[in-house]
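Asks: Got a structure for you, written out below as structure tokens; questions coming shortly.
The values are calculated or read from the model by the stated rules, or taken from the named source; none is laboratory data. As the structure is a computational prediction, the values presented were derived from the model and not from experiment. No Cβ is skipped: glycine too gets one built from the backbone with ideal geometry, and neighbour counts run over all protein chains shown.
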Amino acid sequence: MALIEVRNLVKEFRRPVPVEGPLKSLRRLFRPGFTIHRAVDNLSFSIEKGELVGFLGPNGAGKSTTIKMMTGILMPTSGEIFVGGLHPARDRRRHARQIGVLFGQKTQLWWDIPTIESLRALRAIYGVPDTVWRKNVELFRDLLALHEFEQVPVRQLSLGQRMRADLAAALLHDPDILFLDEPTIGVDVLAKERLRTFIQTINRERRVTVILTTHDMGDIEKLCSRVLIIDHGSLLYDGDTETLKQRFGGRRTLAVYVDGGTALRTGAFDADWRGAFAVDRIEAEPNRLIFRFDPHQTAVGDLIAAVAERLPVRDLLVEDVPIEDIVRAIYLHSERLEARTAPETVSDGASRRETG
Ligand SMILES: Nc1ncnc2c1ncn2[C@@H]1O[C@H](COP(=O)(O)OP(=O)(O)O)[C@@H](O)[C@H]1O
Ligand SMILES: [Mg+2]
């Protein structure tokens, strides 16, 4: 059995339906009062020891819900999960010893006490031996520059520092498996780079298996050789990052901010510009033009220079293509695959036949 086995995992949430108008309470008797929302829909995958796997997907895709089930915080509606041979939700105490968890949106540290005191409190709560605690705090001073802010209460830390503190907390007890839910969300570029390097080091040098969720393709490109793409609770892709990049990724966007209205008027240039700059697509909004391009074909400097020649540029931003675009491309791609086999499969049953 692999280190992590997930089979036909489903999680449904009840969502209350607001009942309005007269005779509210009477009507509630005849209506169920809720709808069922399937946040995770029949997920299956397995992860081997030592892997660093990324869960990529748009907001609301079901990434956090999946992590919460793997960490034992949420009970699955149906399906099975084994982590290190344990059932996360049923064997919570033993499971807690083998995993470390970080939720980027929420700290597990105490808001008002110095960071190092939070780490001391966790030592007591989790029964971390003193020698292990000391060794790890030394390591975190080294690799996360913990000493720079360890006397500062969490509420005064920058977001990047807070993530570093939370990473330290998640790893204090030497877990074999680390679950990171959006570890770089909202963090600036330099701090992101530092977090990524640390995660990579922990995986390579300590052989910690890492599962991280993100909607940032940059995290995946830097860290993960394997990626699982989730959308509407289902698995769209499970494979290597390289193939994904070659097929759909590697693209960049250049957002150009201009004064009111100018951008829309340049919409007419779309075809010209696409030809001239070798960009895939241009989206126009009143104050912003977005160019999507392949950095291997179009040098971003040339593109910026050409745009600046033609438009009164106020600001520029170069980014990875958003995950929503990659997801859309995968859907389009699989439709095209289906369309190719369609002539054989849609014709009436009698004439259906195999063609070599
Ligand atoms: N406790 C909950 N109760 C009801 N719906 C929830 C709950 N948690 C998540 N959901 C819903 O499940 C879906 C998946 O959420 P989530 O797993 O947080 O997505 P992601 O982490 O990929 O952004 C969303 O539509 C979300 O609104
Ligand atoms: Mg989430």
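Asks: Just to be sure I understand, how many residues within region 151-190 are surrounded by fewer than 19 Cβ atoms within 10 Å (Cβ to Cβ), of a type in the set (D, E, K, R) and out of contact with any Phe, Trp or Tyr (no Cβ under 8 Å at 6 or more places or on another chain)?
Replies: Final tally of qualifying residues: 3.
Asks: Quick one: which residue in Ile230, Ile220 is aliphatic (A, V, I, L, M) and part of a helix (DSSP H, G or I)?
Replies: Ile220
One line per residue, one yes/no per condition, for (1) away from ligand 2 (no atom under 16 Å from the Cβ); (2) free of Cβ contacts under 8 Å to residues at least 24 places away in the same chain; (3) polar (S, T, N, Q):
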residue	(1), (2), (3)
Phe55	no, no, no
Ala61	no, no, no
Ser64	no, no, yes
Met69	no, no, no
Pro76	yes, no, no
Gly85	yes, no, no
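Asks: While we're on this one: Scan region 68-80 and give yes if some residue there is touching an Asp or Glu at 6+ places or on another chain (Cβ under 9 Å), of a type in the set (D, E, K, R) and surrounded by fewer than 13 Cβ atoms within 10 Å (Cβ to Cβ), otherwise no.
Replies: The answer is yes; a qualifying residue exists.
Asks: Hey, could you check region 40-70 for residues that are of a type in the set (Gly, Ala, Ser) and farther than 21 Å from Pro183 by Cα and say which is farthest from ligand 1 (Cβ to nearest atom)?
Replies: Applying the filter and picking the extreme gives Ser46.
Asks: In region 89-127, which residue that is of a type in the set (Gly, Ala, Ser) and out of contact with any Pro (no Cβ under 6 Å at 6 or more places or on another chain) is nearest to Ala191 (Cα to Cα)?
Replies: Filtering region 89-127 for residues that are of a type in the set (Gly, Ala, Ser) and out of contact with any Pro (no Cβ under 6 Å at 6 or more places or on another chain), the one nearest to Ala191 (Cα to Cα) comes out as Ser118.
Asks: Leu56: surrounded by 14 or more Cβ atoms within 10 Å (Cβ to Cβ), among the hydrophobic types (A, V, I, L, M, F, W, C), modelled with pLDDT under 95 and under 27 Å from the mean Cα position of the chain (by Cα), yes or no?
Replies: Criteria met by Leu56.
Asks: On the given criteria, is Val40 surrounded by 17 or more Cβ atoms within 10 Å (Cβ to Cβ), touching a Cys at 6+ places or on another chain (Cβ under 8 Å) and under 20 Å from His232 (Cα atoms)?
Replies: no
Asks: Let me ask another. For region 44-80, enumerate the residues that are in contact with a helix residue (DSSP H, G or I) (Cβ under 7 Å, 6 or more places away or on another chain), of a type outside the set (Gly, Ala, Ser) and in a strand (DSSP E or B). Reasoning before the result, please.
Replies: The first filter runs over region 44-80 and keeps only residues in contact with a helix residue (DSSP H, G or I) (Cβ under 7 Å, 6 or more places away or on another chain), leaving 52, 54-58, 72, 74, 76.
Add one more test, that the residue is of a type outside the set (Gly, Ala, Ser), and what stays is 52, 55-56, 58, 74, 76.
Matches in region 44-80: Leu52, Phe55, Leu56.
Asks: Are there any pairs with C-beta distances below 7 angstrom linking a residue in region 126-155 that is in contact (Cβ under 8 Å) with a residue 12 or more places away in the chain and assigned by TED's automatic domain parsing to the domain that holds Ile116 to a residue that is surrounded by 17 or more Cβ atoms within 10 Å (Cβ to Cβ) and among the basic types (Lys, Arg), with the two at least 6 apart or on different chains, and if so which?
Replies: What qualifies is Trp133/Arg123; Leu144/Arg164; Leu146/Arg164; Val154/Arg162.
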